[in-house]
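**Q** Questions regarding the structure given below will be posed in turn.
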Amino acid sequence: MEISVCDSYKILSKRVAIDIIQHTQPLEEPLVCIATGETPKGLYKELRERYNQNSLDISNWRFIELDEWLDLENDCEGSCLRRLNQNLFKPLNVNEEKVCCFDGKTNNPDDECQRVESFLQSYGPIDVAVIGLGMNGHVGFNEPGTDPSLRSHVSELDSVTKQVSQKYFSKSKQLSKGITLGLADLREAKRLILIVSGHKKATIVQQVLEEKISKNLPATLLRDHLNFTVYLDSDAANLLHPI
Ligand code: PGA
């Protein structure tokens with residue numbers, strides 16, 4: 001695991017954009033997974049800017065969604081799909097056929113997980129996965145206590161996630177479950193990137209990077225991935241101890 005501390009959120013976003021582009025460039029049909037949430041917004045912007053300046057060709061990329069709320073309308077405010085559509089897929093003219101997303105409104109979540117896993121079997125493993133870090137150490141909706149051998153699955157949301165995630169909605173929302181790629185899927189990604197920004201994440205960053213590997217801090221279970229970089233801005237890195 002490599003840790004890259006960036007002076008600012010803007011620099012972090014730029015470095016991650018360059019990292020993704022460098023890793024996808026030699027590939028014929030890269031499969032990319034980019035998280036939603038607040039943290040990747042700067043990265044989306046970097047990718048949009050490059051695309052608009054004709055310096056980024058993503059016509060051969062495929063995308064897979066990291067996670068989605070279960071039982072909310074797919075394109076409702078706050079949904080992961082809406083955020084990806086607005087920030088990435090529409091501005092970059094990504095063809096729908098190139099994207100695999102979880103249907104959060106499905107009547108049969110097990111079949112839905114199976115469908116996403118079949119996509120991964122056809123086009124995977126993921127070439128580059130960019131994920132964020134929850135305030136409780138989750139990645140995607142792999143909440144504290146999640147079995148690391150799981151692939152796509154339905155997850156009972158942790159109370160911290162339910163509370164923190166209200167920020168994605170204009171009115172308070174009853175959130176109970178999510179549907180998510182599992183840690184086993186993420187661990188198979190050829191390149192894994194964790195991005196974390198801001199003072200409020202400094203404590204969880206310190207725990208995830210310096211405490212014992214544990215199911216209770218899901219992101220620690222990625223630490224032994226062989227091609228893994230953690231990009232932090234200086235605020236998020238604030239409590240790390242010098243090596
Ligand atoms: P955030 O979410 O980027 O909005 O902080 C990260 C996460 O919960 O995975």
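Read the figures in this text as sums done on the coordinates, not as results from a lab. Given the structure is predicted, the values throughout are model-derived calculations rather than measurements. Don't worry about glycine lacking a Cβ; one is built from the backbone with ideal geometry, like all the others, and counts go over all protein chains shown.
**Q** Which residues, taken from region 176-224, are more than 24 Å from Pro125 (Cβ to Cβ) and charged (D, E, K, R)?
**A** Lys177, Lys200, Lys201, Glu210, Glu211, Lys212
**Q** Quick one: would you say Thr180 is β-branched (Val, Ile, Thr) and farther than 16 Å from Ser234 by Cα?
**A** So Thr180 fits the description; yes.
**Q** Have a look at Leu239, Leu186 and point out the one that is outside any loop (DSSP other than H, G, I, E, B), in contact (Cβ under 8 Å) with a residue 24 or more places away in the chain and under 22 Å from Val16 (Cβ atoms).
**A** Going through Leu239, Leu186 in turn, just one is outside any loop (DSSP other than H, G, I, E, B), in contact (Cβ under 8 Å) with a residue 24 or more places away in the chain and under 22 Å from Val16 (Cβ atoms): Leu186.
**Q** Also, I was wondering about something else. Considering each residue of region 34-58, count those that are part of a loop (DSSP other than H, G, I, E, B) and under 15 Å from Lys90 (Cβ atoms), and give that number.
**A** Counting residues in region 34-58 that are part of a loop (DSSP other than H, G, I, E, B) and under 15 Å from Lys90 (Cβ atoms) gives 2.
**Q** Going by the structure shown, is Thr203 over 22 Å from Leu43 (Cα atoms), within 15 Å of the ligand (Cβ to nearest atom), surrounded by 15 or more Cβ atoms within 10 Å (Cβ to Cβ) and among the hydroxyl-bearing types (Ser, Thr, Tyr)?
**A** Criteria not met by Thr203.
**Q** I've got another one for you. In the list Glu65, Glu38, Glu77, Glu28, which residue meets the criterion of being touching a residue at least 24 places away in the same chain (Cβ under 8 Å) and buried (at least 21 other Cβ atoms within 10 Å of the Cβ)?
**A** Answer to the selection: Glu65.
**Q** Okay, moving on. Inspect region 164-178 for any residue being more than 11 Å from the ligand (Cβ to nearest atom), in a strand (DSSP E or B) and closer than 21 Å to Arg115 by Cα and give the result as yes or no.
**A** Within region 164-178 (the criterion being more than 11 Å from the ligand (Cβ to nearest atom), in a strand (DSSP E or B) and closer than 21 Å to Arg115 by Cα), the answer is yes, since at least one residue qualifies.
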